[in-house]
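Peer 1: Submitted below is the structure of interest, expressed as structure tokens.
The values are calculated or read from the model by the stated rules, or taken from the named source; none is laboratory data. In this text the structure is predicted, and so the values were computed from the model without any measurement. As a convention, Cβ positions derive from the backbone with ideal geometry for all residues, glycine included, and neighbour counts pool all protein chains shown.
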Amino acid sequence: MKLRRTMMFVPGNNPGMLINAGIYGADTIIFDLEDSVAISEKDAARHLVYNAMKSIKYPCEVAVRINHISTPFGYKDLETILPVKPDLIRLPKAETAADIEEIDVIITAAEIKHGFASGSIKMMAAIETARGVRNAYEIAAASPRMVAIAIGGEDFLADLQTSRTKDGKEFHSARGQLILAAREAGIHAIDTVFGDVSNEEDFIAETIRIKEMGFDGKSVVNPRQINIVHQIYMPTTKEVEHAERVIAAYKESLDRKSGVVSLNGKMIDVPVVKRAERALAYANAAGRNNRRANL
């Protein structure tokens, strides 16, 4: 099970951060060629990211956020970056399935040209407008390459003509729509960044909220945020032990070829097994001896 609890943005025009991006423990690092890079530095950033990916073996999933293909930079980003085979291309400001389909064609051609396995370069899309939210499922299901959709907070708020509140009520409807779209398409849902890195209290509160909603992870902008997210997603010892018992009971029923599975007198069905598998995946990602205390 691939985890994307944290997807950390790394400005593509910062050589030091590009070099050190893999040491912080994020599940995914996203080399950013879009919002964090000034127009005057787009070309330089593109080649910095290319050289970093060509020369450094990162210990995690590597994504590149390209500029939208409606800009003068998006196609150039793909032309430069695809030959070094990123794990994932992140498209900003996705509004229709056609946005995804067009990039899918370009990636397919690059895989053939460079001898990469078919479908090995994945895609995700950031939903940043009301139109994108309305089309979230079509975007999520537009290509077999799609592994995640994310909400892009600041652009979305600008489109809604509002601003952030402490409890995030302005995102509630969009977050719900993204979760539903991602689940229907069978891919991950990733929450937006929390830009105020000095406000740990509200960051924790927001991360707990989005985990409870069902998000698979959160975009982050600072290494200090990574461990906080991972700890929030870490199941308690009690939860892990229960998950282990569920999986053991399920496997035993398979061995007995029994269609009935129960644990402590309670029936176990497929959704319960899936939740148990998810809990164990989160626990194993952080190490079996690094669980949260029982709550």
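Peer 1: Within the group 205, 286, which residue is surrounded by 12 or more Cβ atoms within 10 Å (Cβ to Cβ) and modelled with pLDDT under 80?
Peer 2: 286
Peer 1: Mind checking which residues of region 45-65 are touching a helix residue (DSSP H, G or I) at 6+ places or on another chain (Cβ under 8 Å) and part of a strand (DSSP E or B)?
Peer 2: Passing the criteria: 62, 64.
Peer 1: Inspect region 11-27 for any residue being among the polar types (S, T, N, Q) and in contact with a helix residue (DSSP H, G or I) (Cβ under 6 Å, 6 or more places away or on another chain) and give the result as yes or no.
Peer 2: Yes, region 11-27 has at least one match.
Peer 1: Quick one: is residue 132 over 25 Å from residue 226 (Cα atoms) and either outside the structural domain of residue 28 (by TED's automatic domain parsing) or part of a helix (DSSP H, G or I) (or both)?
Peer 2: yes
Peer 1: Continuing with this model, one more query. Restricting the search to region 136-175, which residues are hydroxyl-bearing (Ser, Thr, Tyr) and in a loop (DSSP other than H, G, I, E, B)?
Peer 2: Once the filter is applied, which keeps residues that are hydroxyl-bearing (Ser, Thr, Tyr) and in a loop (DSSP other than H, G, I, E, B), region 136-175 yields 143, 162, 163, 165.
Peer 1: When you look at residue 78, is it assigned by TED's automatic domain parsing to the domain that holds residue 95 and farther than 24 Å from residue 146 by Cβ, yes or no?
Peer 2: So residue 78 does not fit the description; no.
Peer 1: Then there's this: Taking residue 210, is it among the β-branched types (Val, Ile, Thr), touching an Asp or Glu at 6+ places or on another chain (Cβ under 6 Å) and more than 23 Å from residue 35 (Cα to Cα)?
Peer 2: In short, yes.
Peer 1: Here is a further query. Among the numbered criteria (1) over 20 Å from residue 213 (Cα atoms); (2) at pLDDT below 95, which single criterion is violated by residue 102?
Peer 2: That leaves (2) as the condition not met.
Peer 1: Residue 72 is checked against (1) farther than 19 Å from residue 151 by Cα; (2) under 20 Å from the mean Cα position of the chain (by Cα) and fails just one. What number does that condition carry?
Peer 2: Of (1) farther than 19 Å from residue 151 by Cα; (2) under 20 Å from the mean Cα position of the chain (by Cα), only one is false for residue 72: (2).
Peer 1: From (1) modelled with pLDDT under 95; (2) outside any helix (DSSP H, G or I); (3) closer than 27 Å to residue 32 by Cα, pick out the condition that doesn't hold for residue 258.
Peer 2: (3)
Peer 1: Still on this structure, please answer the following. Can you tell me how many residues within region 176-207 are of a type in the set (D, E, K, R) and either over 15 Å from residue 218 (Cβ atoms) or part of a loop (DSSP other than H, G, I, E, B) (or both)?
Peer 2: 4
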